[in-house]
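Peer 1: The structure that follows is given in the form of structure tokens.
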Amino acid sequence: MNQLETKFGEFGGMYVPELLIPALDQLEKAFLDAKDDPSFNEEFLSLLKDYAGRPTAMTLTRNLVSNPKVKLYLKREDLLHGGAHKTNQVLGQALLTKRMGKKEVIAETGAGQHGVATALACALLGLKARIYMGAKDVERQAPNVFRMRLMGAEVIPVNAGSGTLKDAVNEAMRDWSANYDTAHYLLGTAAGPHPFPTIVREYHRMIGEETRAQIMEKEGRLPDAVVACVGGGSNAIGMFADFIDEPSVRLVGVEPAGKGVHTKEHGATIVAGTKGILHGAYTYIMQDQEGQIEESYSVSAGLDYPAVGPQHAYLADIGRAEYVAATDEEALNAFKLLARKEGIIPALESSHALAHALNMADEAEDDTIIVVNLSGRGDKDLAHVINILGDDI
Amino acid sequence: MDRYADMFARLDEKNQGAFVPFVMIGDPNLEQSEAIICQLIESGADALELGIPYSDPIADGPTIQAASIRALSHKTTVADCMSLITRVRTKYPHVPIGLLLYSNLVMAKGIENFYATASDAGVDSILIADVPLREATPFQKAAQAKGISQILIAPPNATDETMEKIGEFSTGYTYLLGRAGVTGAETAANVPASELIARLHQHKAAPSLLGFGISTPEQVKAAIDAGAAGAISGSATVNIIAANLDDNDSMLKQLGDFVSAMKAATNKG
């Protein structure tokens with residue numbers, strides 16, 4: 001039996017082959033034991049501080065917002081080692097891997113950011129990483145493939161299915177089914193079967209905790225809204241977790257609308273998807289009427305996933321968090337604007353959150369404080385953006 | 001009517017174990033798939049495991065994944081699968097027919113509705129690869145209401161708690177996993193799995209059929225010698241389909257030969 005709640009309302013659960021249940025139970029137990037172990041927490045905190053560079057800064061934008069009633073802050077996860085928030089939870093799970101006496105790590109990656117974070121943590125902690133990546137993504141993301149290999153990870157291209165992130169997850173789960181005794185599956189987002197959504201949230205919750213402390217210091221009050229992009233939803237749940245019990249703080253998740261939620265080319269699962277099961281959890285997914293999973297699409301590879309973390313599905317259903325979608329075009333505009341006005345090049349993922357926050361800022365009539373989780377930096381996206389925008393900057 | 005109990009009783013009288021082939025409905029297309037299924041029965045299959053194709057089969061290796069892709073390339077639907085089963089059921093009233101599929105296909109139709117449709121088609125059992133005991137209750141209730149056996153999986157790493165629950169809830173048969181990992185003939189099953197089988201007996205579980213990595217008559221014999229009630233062979237069966245995609249007649253003949261050889265290995269003693 002489980003020691004923790006496995007579901008968020010009707011969402012979540014453990015829809016995996018019976019074979020994987022003991023491995024998930026072992027992980028839940030290791031997570032709970034570690035939580036109460038001062039030496040684990042000390043090592044995790046010291047890695048976050050001295051290796052990854054926490055706490056990250058919070059920056060008040062100077063030129064971005066024209067509405068004088070609005071203060072827009074950026075939580076600077078882009079400054080974290082590795083270039084995105086992902087390093088937080090990867091360090092936590094890598095420590096859990098060692099704690100369980102396992103020496104190998106299996107991971108999936110789409111654009112390569114989780115793969116890079118996994119590779120760096122495994123290099124640091126002496127673990128052997130094998131990372132599944134869709135064959136199409138291996139081609140599209142050559143620099144990240146090189147980064148992973150440089151840090152000693154094995155990158156395994158996946159040709160099955162559509163050759164993208166969801167197929168990489170499938171293949172990672174298949175590998176884990178055969179090798180759970182020796183390997184940990186280091187899932188990259190707050191999705192998948194219990195206990196992953198809970199573990200990933202807890203290992204990212206310092207994003208929101210630091211934000212609370214920083215905004216209290218600067219403004220003496222809580223923000224009116226925190227805004228984060230949502231693919232699988234790890235940076236968003238990390239930002240939201242500490243504010244869920246603060247009803248005055250709006251929680252806003254921004255999904256990828258791609259070419260528009262009325263087209264087939266988007267990844268906005270809460271805004272435009274339906275309930276179903278993918279990768280071990282009951283949540284909002286993209287599927288046809290037969291229950292076959294459909295491909296998602298977004299200009300930003302990190303948001304290009306046809307499911308979403310089950311806690312987001314729950315927060316949406318109970319009305320605690322709002323979920324909206326921003327198109328490729330809106331994200332690209334925000335991407336350019338932040339570079340031009342503030343000298344910060346954001347990840348295309350985070351640009352979705354920023355795009356919606358700018359709309360909120362325009363519409364605000366009262367004094368308003370908004371914090372955008374700038375979950376990653378945009379260096380990884382430059383080649384892609386050059387192809388799209390060319391000289392049009 | 002309990003077709004599994006009847007089958008196990010018949011086989012006991014003949015001092016035989018069961019041989020159960022698996023194929024994906026709609027592979028390589030619906031028409032040939034129906035011919036394949038009839039051929040399996042005519043060649044001696046005691047029961048059938050039939051897959052409904054799914055886009056993201058996490059418990060399957062490359063062979064069964066490819067079968068799903070072939071079936072989905074013709075847009076095979078759940079309704080297509082159910083009408084095929086209805087026709088097979090009319091032709092063969094006594095052969096137990098099991099479905100093996102993934103949870104989202106059931107959820108998309110609604111659990112109760114899916115089980116009602118399956119029952120109308122003449123399905124005897126349903127195994128959902130990504131529904132472990134812990135999530136099984138709503139599916140078991142729907143199965144029970146429609147007289148369908150909800151098949152449970154006994155994995156090689158099963159805890160005593162899992163074994164107890166299998167003893168309490170299993171009906172029809174128990175799917176005994178020959179090894180860890182995903183489906184596929186590339187990695188052989190660990191037979192004899194006699195220790196697991198003994199534990200299942202001890203918990204009074206439904207008769208066990210050994211699956212995952214069963215591709216030769218020797219493995220079928222070893223499974224039955226170890227105390228299993230029979231063996232299931234999926235990837236080895238599907239490999240014959242994959243190897244003969246340009247020759248339907250040869251495909252049927254080779255499938256027939258394969259099933260006959262596997263069935264011959266079920267004689268005890």
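Peer 1: Enumerate the pairs (first residue in region B:63-92 and in contact (Cβ under 8 Å) with a residue 24 or more places away in the chain; second residue anywhere and among the acidic types (Asp, Glu) and crowded, with 19+ Cβ neighbours inside 10 Å) with beta-carbon separation below 7 Å, excluding pairs fewer than 6 apart on the same chain, so at least 6 apart or on different chains.
Peer 2: From residues that are in contact (Cβ under 8 Å) with a residue 24 or more places away in the chain, the pairs are B:67/B:27; B:70/B:27; B:71/B:27; B:78/A:290.
Peer 1: Among the listed residues A:48, A:64, which satisfies the condition of being in contact with an Asp or Glu (Cβ under 7 Å, 6 or more places away or on another chain), away from chain B (no Cβ under 14 Å) and among the aliphatic types (A, V, I, L, M)?
Peer 2: Among A:48, A:64, only A:64 is in contact with an Asp or Glu (Cβ under 7 Å, 6 or more places away or on another chain), away from chain B (no Cβ under 14 Å) and among the aliphatic types (A, V, I, L, M).
Peer 1: If you don't mind, there's one more thing I want to ask. What are the residues in region A:24-38 that are within 14 Å of chain B (Cβ to nearest Cβ) and either surrounded by fewer than 21 Cβ atoms within 10 Å (Cβ to Cβ) or touching a Lys or Arg at 6+ places or on another chain (Cβ under 9 Å) (or both), if any?
Peer 2: A:25, A:26, A:28, A:29
Peer 1: Another question, if that's okay. Restricting to region A:301-315, give me the number of residues that are away from chain B (no Cβ under 12 Å) and either surrounded by fewer than 22 Cβ atoms within 10 Å (Cβ to Cβ) or hydrophobic (A, V, I, L, M, F, W, C) (or both). Show your work before the answer.
Peer 2: To start, the set of residues in region A:301-315 that are away from chain B (no Cβ under 12 Å) comprises A:301-305, A:308-315.
Filter once more, so that each one left must be either surrounded by fewer than 22 Cβ atoms within 10 Å (Cβ to Cβ) or hydrophobic (A, V, I, L, M, F, W, C) (or both): A:301, A:303, A:308, A:313-315.
Looking only at that region, the number is 6.
Peer 1: Which numbered condition trips up residue A:167, out of (1) closer than 17 Å to residue B:64 by Cα; (2) surrounded by fewer than 22 Cβ atoms within 10 Å (Cβ to Cβ); (3) not β-branched (Val, Ile, Thr)?
Peer 2: (2)
Peer 1: Looking at (1) under 27 Å from residue B:130 (Cα atoms); (2) surrounded by fewer than 22 Cβ atoms within 10 Å (Cβ to Cβ), which is the only condition residue A:139 fails?
Peer 2: Condition (1) is where residue A:139 drops out.
Peer 1: (1) more than 14 Å from chain B (Cβ to nearest Cβ); (2) within 22 Å of the chain's Cα centre (by Cα): which one isn't true of residue A:152, the others all being true?
Peer 2: (2)
Peer 1: Return the residues of region A:10-27 that are in contact (Cβ under 8 Å) with a residue 24 or more places away in the chain and either farther than 27 Å from residue B:151 by Cα or of a type in the set (A, V, I, L, M) (or both); say none if nothing qualifies. Reasoning before the result, please.
Peer 2: Filtering region A:10-27 down to residues in contact (Cβ under 8 Å) with a residue 24 or more places away in the chain leaves A:10-17, A:19-20, A:22-24, A:26-27.
Once the filter is applied, which keeps residues that are in contact (Cβ under 8 Å) with a residue 24 or more places away in the chain and either farther than 27 Å from residue B:151 by Cα or of a type in the set (A, V, I, L, M) (or both), region A:10-27 yields A:14, A:16, A:19, A:20, A:23, A:24, A:27.
Residue-by-condition table, conditions (1) touching a strand residue (DSSP E or B) at 6+ places or on another chain (Cβ under 6 Å); (2) surrounded by 15 or more Cβ atoms within 10 Å (Cβ to Cβ); (3) closer than 25 Å to residue B:170 by Cα:
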| site | (1), (2), (3) |
| --- | --- |
| B:203 | no, yes, yes |
| B:207 | no, yes, yes |
| B:220 | yes, yes, yes |
| B:223 | yes, yes, yes |
| B:240 | no, yes, no |
| B:254 | no, yes, no |
| B:262 | yes, yes, no |
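Peer 1: What's the total number of residues in region A:158-178 that are aliphatic (A, V, I, L, M) and not in a helix (DSSP H, G or I)?
Peer 2: 2
Peer 1: Find the helices (runs of 4 or more DSSP H) located wholly in region A:206-300 whose residues include 3 or more that are of a type outside the set (Gly, Ala, Ser), away from chain B (no Cβ under 14 Å) and in contact (Cβ under 8 Å) with a residue 24 or more places away in the chain, and list them.
Peer 2: Counting at least 3 such residues, we get A:206-219, A:234-240.
Peer 1: Name the strands (runs of 3 or more DSSP E) wholly inside region B:159-254 in which the number of residues that are within 19 Å of residue B:62 (Cα to Cα) and within 14 Å of chain A (Cβ to nearest Cβ) is 1 or more. Explain how you work it out, then say what you get.
Peer 2: On the way: elements: B:174-177, B:208-211, B:230-233.
In region B:159-254, the matching strands (runs of 3 or more DSSP E) lie at B:174-177, B:208-211.
Peer 1: What residue, among those in region B:78-112 that are β-branched (Val, Ile, Thr) and farther than 13 Å from residue B:33 by Cβ, is nearest to the other protein chains (Cβ to nearest Cβ)?
Peer 2: Kept after step one, since they are β-branched (Val, Ile, Thr), are these residues of region B:78-112: B:78, B:85-86, B:88, B:90, B:95, B:97, B:106, B:111.
Keeping just the survivors that are farther than 13 Å from residue B:33 by Cβ gives B:78, B:86, B:90, B:95, B:97, B:106, B:111.
Values: B:78: 6, B:86: 18, B:90: 25, B:95: 26, B:97: 21, B:106: 8, B:111: 11 Å.
My answer is B:78.
Peer 1: Inside region A:312-348, can you point out the residues that are over 18 Å from residue A:64 (Cβ atoms) and part of a strand (DSSP E or B)?
Peer 2: If the condition is that a residue be over 18 Å from residue A:64 (Cβ atoms) and part of a strand (DSSP E or B), then A:321, A:322, A:323, A:324, A:325, A:327 are the ones that fit.
Peer 1: Residues being touching a residue at least 40 places away in the same chain (Cβ under 8 Å), out of contact with any strand residue (DSSP E or B) (no Cβ under 9 Å at 6 or more places or on another chain) and assigned to a helix (DSSP H, G or I): count how many of those fall in region A:349-380.
Peer 2: Count: 1.
Where a number appears in this text, it was derived from the coordinates with a stated rule and is not lab data. A quick note: this is a predicted structure, and the numbers were derived from the prediction, not measured. So basically every Cβ, Gly included, is an ideal-geometry build from the backbone, and we count neighbours across all protein chains shown.
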